[in-house]
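The values are calculated or read from the model by the stated rules, or taken from the named source; none is laboratory data. Fair warning: this is a prediction, and the values are worked out from it, not measured in the lab. Cβ placement follows ideal geometry from the backbone for every residue including glycine, while neighbour counts extend to all protein chains displayed.
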Amino acid sequence: MDIIKIGKFIAEKRKEKKLTQEGLAEKLGVTPKTISRWENGNYMPDISLLKPLSEELGITLNDLISGEKVDKEHYQEKLEENIISTIDYTSKKVYEKNKVIAEILMFFGLGLAFIAFTIFPSESSWGAIYSVVGTVISLIGFSKLNKKKSYIKRLLLNLAYFIVIMTILIGIDYANVRINNVAPRFSYLIETNENMIIYKAPLCNVYRINRNTKNEYYIVDTKKSYTEETVPVTPFNRKKAGIDNIIKFKDQYVGNNSNDSHLIDNLPLSEYGYVFEIDSKNLGLTIDYHITDWYINENQYLEKCLLYNTVSIFSLIDNVQDITFNFSGNSYKVNRKQAQELYPNYNDIRNNEINKDNFNKYLENKMNDNEFVKTIFNKIFVS
């Protein structure tokens, strides 16, 4: 089917009929621009318009599709040829139309899947739901592109496509969890207890501890070695106050204001605001917190913080000799000798260097033992 030849033939016959493009367009119910596109060979008329067009031009369908007047001698031969070429052309147009639809579905679905990651927070299940929906929409488009293949081959290609896209999405989710310490979107099981949410995902388990509090933190367990009973749980924000972070602020001397400030800022109670003062002569440290002590002592939170901060500061600042914690209600004082003698296993935590494992075992983990906290706090502090 020669579209350019047909277009010139349409123009020739239109002029013979003394019709303008506008006039022919009006008769056929199309725009003049459509007639122009036909005559320029850019488009073929729609099949539904072939008969009305040939009637307006005073020619047969066979003439129109041939792009010339067909003589009687070759009429049947041309008719058969034109029928075949029309079927081929129509099939090609249908395929091209379906291809465009398939590509739109593919890219729309992929766009929906990836945009869902940015719109919804990680702990919302809607992010995963819309990502899967987007992947399915994209799969429908991909399947349309492979419609001509055999059933088995198409099935295998569709399965491979779905697995690849879901693997990419799960991989992005896993990277986001590792980098940003957030809940995974693709959790197949979520368990909730009093102060913890456990997200079980394909590539890791994520523990959200102290949920919905100022001290909320996440532990990403890529080896899936923890259980609810063994995962490190502390009443503080472990990401900030844990030894893996605060050990960066280890210093020999109290009085390094920048270092001291960073250390105090990462320890518990800093969330309420504070100022601090150094006594360079007596090697003392005074921290004034902007909160009343009894106001924050639910579940012995104040006592746990003061014990934790005391051992942490004495362990990380070599020469500080005494610490005063001031609140609007009371002051709590402690010196290095008291801490070393009265806090159990102090020397196991800090000998020449800090032992991280012992720090977690004898300090962090002990903050979950209310009886221990109460007993040691009353021994060390004088209110």
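Among the numbered criteria (1) in a helix (DSSP H, G or I); (2) touching a Leu at 6+ places or on another chain (Cβ under 9 Å); (3) free of Cβ contacts under 8 Å to residues at least 24 places away in the same chain; (4) not aromatic (Phe, Trp, Tyr), which one does ASN347 miss?
(2)
Enumerate the pairs (first residue in the stretch 252-266 and more than 15 Å from GLY242 (Cβ to Cβ); second residue anywhere and modelled with pLDDT under 85 and surrounded by 15 or more Cβ atoms within 10 Å (Cβ to Cβ)) with beta-carbon separation below 8 Å, excluding pairs fewer than 6 apart on the same chain, so at least 6 apart or on different chains.
Matching pairs, first to second residue: ASP260/VAL254.
When ILE243 is evaluated against the numbered criteria (1) surrounded by 14 or more Cβ atoms within 10 Å (Cβ to Cβ); (2) free of Cβ contacts under 8 Å to residues at least 24 places away in the same chain; (3) of a type outside the set (Phe, Trp, Tyr); (4) under 23 Å from GLU216 (Cβ atoms), which criterion, by number, is the only one it fails?
In the conditions (1) surrounded by 14 or more Cβ atoms within 10 Å (Cβ to Cβ); (2) free of Cβ contacts under 8 Å to residues at least 24 places away in the same chain; (3) of a type outside the set (Phe, Trp, Tyr); (4) under 23 Å from GLU216 (Cβ atoms), ILE243 misses (2) alone.
Go through (1) polar (S, T, N, Q); (2) surrounded by fewer than 13 Cβ atoms within 10 Å (Cβ to Cβ); (3) assigned to a helix (DSSP H, G or I) for ASN352 and report which single condition fails.
Only one criterion in (1) polar (S, T, N, Q); (2) surrounded by fewer than 13 Cβ atoms within 10 Å (Cβ to Cβ); (3) assigned to a helix (DSSP H, G or I) is unmet by ASN352, namely (3).
Go through the stretch 168-206 and report how many residues are within 15 Å of SER125 (Cα to Cα) and of a type in the set (Gly, Ala, Ser).
Qualifying residue count, the stretch 168-206: 3.
Being within 16 Å of TYR217 (Cα to Cα) and touching a strand residue (DSSP E or B) at 6+ places or on another chain (Cβ under 7 Å) is the filter here, so list the residues in the stretch 255-273 that pass it.
LEU269
Go through the stretch 180-220 residue by residue and tally those that are in contact with a helix residue (DSSP H, G or I) (Cβ under 8 Å, 6 or more places away or on another chain) and assigned to a loop (DSSP other than H, G, I, E, B).
13
Filter the helices (runs of 4 or more DSSP H) completely within the stretch 232-308 down to those with at least 2 residues that are more than 16 Å from VAL373 (Cβ to Cβ) and more than 32 Å from the chain's Cα centre (by Cα). If you could, list the steps in order and put the result at the bottom.
Numbers: elements: 238-241, 243-246, 257-266.
Fully inside the stretch 232-308 and qualifying: 257-266.
Restricting attention to the stretch 108-127, report how many residues are of a type in the set (S, T, N, Q) and farther than 16 Å from ARG208 by Cβ.
In the first step, residues of the stretch 108-127 are kept if they are of a type in the set (S, T, N, Q); the result is 118, 122, 124-125.
Then drop every residue that is not farther than 16 Å from ARG208 by Cβ, which leaves 118.
Selection size over the stretch 108-127: 1.
Only one of LYS8, LYS15 is part of a helix (DSSP H, G or I) and touching a Gly at 6+ places or on another chain (Cβ under 9 Å); which?
Answer to the selection: LYS8.
Exactly one of these conditions fails for VAL231: (1) without any contact (Cβ under 8 Å) to a residue 40 or more places away in the chain; (2) among the aliphatic types (A, V, I, L, M); (3) surrounded by 16 or more Cβ atoms within 10 Å (Cβ to Cβ). Give me its number.
Failing condition for VAL231: (3).
Give the residues of the stretch 101-155 that are touching a Gly at 6+ places or on another chain (Cβ under 6 Å) and outside any helix (DSSP H, G or I), sorted by residue number.
If the condition is that a residue be touching a Gly at 6+ places or on another chain (Cβ under 6 Å) and outside any helix (DSSP H, G or I), then PHE120 is the only one that fits.
Residue check: is SER280 under 25 Å from ARG350 (Cα atoms), small (Gly, Ala, Ser), surrounded by fewer than 21 Cβ atoms within 10 Å (Cβ to Cβ) and without any contact (Cβ under 8 Å) to a residue 40 or more places away in the chain?
yes
Considering each residue of the stretch 271-312, count those that are among the β-branched types (Val, Ile, Thr) and touching a Leu at 6+ places or on another chain (Cβ under 7 Å), and give that number.
So the count comes out to 3.
Have a look at VAL177, VAL94 and point out the one that is without any contact (Cβ under 8 Å) to a residue 24 or more places away in the chain and either in a helix (DSSP H, G or I) or touching a Cys at 6+ places or on another chain (Cβ under 8 Å) (or both).
Exactly one residue qualifies, and that residue is VAL94.
Write out, first by first residue and then by second, each pair whose Cβ atoms fall under 6 Å of each other, whose residues are 6+ apart or on separate chains, and whose first residue, in the stretch 354-374, is aromatic (Phe, Trp, Tyr) while the second is buried (at least 20 other Cβ atoms within 10 Å of the Cβ).
PHE359/ILE243; PHE359/ILE349; TYR362/ILE349; PHE372/LYS366
Can you tell me which condition LEU363 does not meet? The list is (1) at pLDDT 95 or above; (2) surrounded by fewer than 18 Cβ atoms within 10 Å (Cβ to Cβ), and all the others hold.
All conditions are met except number (2).
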